[in-house]
Structures are given as structure tokens and as C-alpha cells.
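These notes are about the structure you will find just below.
The values are calculated or read from the model by the stated rules, or taken from the named source; none is laboratory data. None of these values were measured; they are calculated from a predicted model. Calculation scope for accessible area: heavy atoms of the full protein, side chains included, ligands and nucleic acids excluded. Shrake-Rupley method; radii C 1.70, N 1.55, O 1.52, S 1.80 Å.
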Amino acid sequence: MLLFGCDQPNRTTDAEYTTADTGDAPLTETQTAGLNQQTQRDTVYKTEAEWKKILTPQEFYVLRKKGTEPAFRNKYDANKAKGMYHCAGCGNPVFSSSTKFDSGTGWPSFWKPIANYRIKEVPDRTDGMIRTEVVCARCGGHLGHVFDDGPKPTGLRYCLNSAALDFVAKK
């Protein structure tokens, strides 16, 4: 399936999800119960200077300035390993390899986050386009965009920047 691209426009881990999902299957609502409160409680607030100290220039550009990395020239587009993708800014686990698919766009694509409260979807009207931006619910970092041309069962394509993600392989 060939889809259109997304362009045009001390890290922590969550022990709660590791026994339920490390890349083999999406988490169920029962498995994620209670994690929403932790995500809200752990909201990360930093100044621009603090972000610049802990992020690489590419991570800062993508996460804090809503930049986009080049298609097909990023670290996770072709990654087929099992595991979890975390926000590179704050370590919030956001997507599982079990929902990753090859969209042909050149960016890592997923059909579902591990839990809806892990991310926020925000209207994005920059550059004369109408899109939906995907941000980390914990730190507000820009992850990418979501489109409605993805595979079943959701029909969604979360088109993300590798620079916004850290991958933790299944052990």
C-alpha cells in the first residue's frame, strides 16, 4: 500500500506496560487502566533552554519547533524489531511495534497509539493545510501527524518523526 507523505509541513520508562505489552500486541483498555492518572501526574514542564540541554539539535527541532525530518532518511522508518516507541523528550511510551506498518511514506507509521491518553491530537492549520498534529500528552512534544488513510482496524495512519521517538526493543 502506497500512501502520501507526512511532510509539508535521565529518560524514564513506564514499568506498568512492560508485562502487558513489549511489542507483541496492543494494550487493552483494562491493561491501561490507571495509567492515565500517572501520565497527567507526570506532566513535564521545561524552558526552551532546559530542552536544548537534554535534546539533540534534531530532536529539539522536531519536538519543540514542530519540524519534520527527511523521508526515508531516519532511524525508525524501516525498523522491524519488536518493542515500544517512547517520546524522545520525556520517555512517555506512545506506540508499540505491534501497530507499526510500512506506509511507503518514508516515516514510521502506526495505526494506533498504545493508549489514547498517551498522545493528544491538535488541529494544525500551518502552511495552508488542514491536518491533525500528534503531540506527546506528557511533555507536549511534536511527534507527527495523523491521517485517515491507514489500514484496518482503525483506518488511521500516525505518521511520526523518528527524531521524536526512542525505541526500546523487547527483551
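Per-residue Karplus couplings for the range 158-171, computed as 6.51 cos²θ - 1.76 cosθ + 1.60 with θ equal to phi - 60°, are listed in order as 7, 9, 10, 8, 4, 5, 8, 10, 10, 9, 10, 5, 5, 8 Hz, Gly and Pro entered as x. The listed residues LYS65, LYS170, once ranked by accessible area (1.4 Å probe) with the largest placed first, stand as LYS65, LYS170. Annotation: TYR61 carries an accessible surface of approximately 110 Å², with a 1.4 Å probe and no ligand, DNA or RNA atoms counted. Per-residue surface analysis assigns VAL168 an accessible area of about 60 Å², computed on protein heavy atoms at 1.4 Å probe radius.
Separation of the alpha carbons by more than 30 angstrom is noted, of LYS80/LYS152; LYS46/LYS171; LYS53/LYS120; LYS52/LYS120, for LYS46/LYS171.
Residue order by solvent-accessible surface for VAL44, VAL134 is VAL44, VAL134, largest first, with ligands and nucleic acids left out and a 1.4 Å probe.
Taking every protein chain into account, the 1.4 Å probe leaves GLU121 with about 100 Å² of accessible area, to the nearest ten.
For LYS82, the residues whose amide H sits under 5 Å from its own are LYS170, ignoring neighbours fewer than 5 places away on the same chain, with H placed 1.01 Å from N. The equivalent ellipsoid of the range 93-171 has semi-axes of 19, 15, 12 Å, largest first, where each one is the square root of 5 times an eigenvalue of the Cα gyration tensor. Of ILE54, ILE119, the order by accessible heavy-atom surface (1.4 Å probe, DNA, RNA and ligands excluded), from most exposed downward, is ILE54, ILE119.
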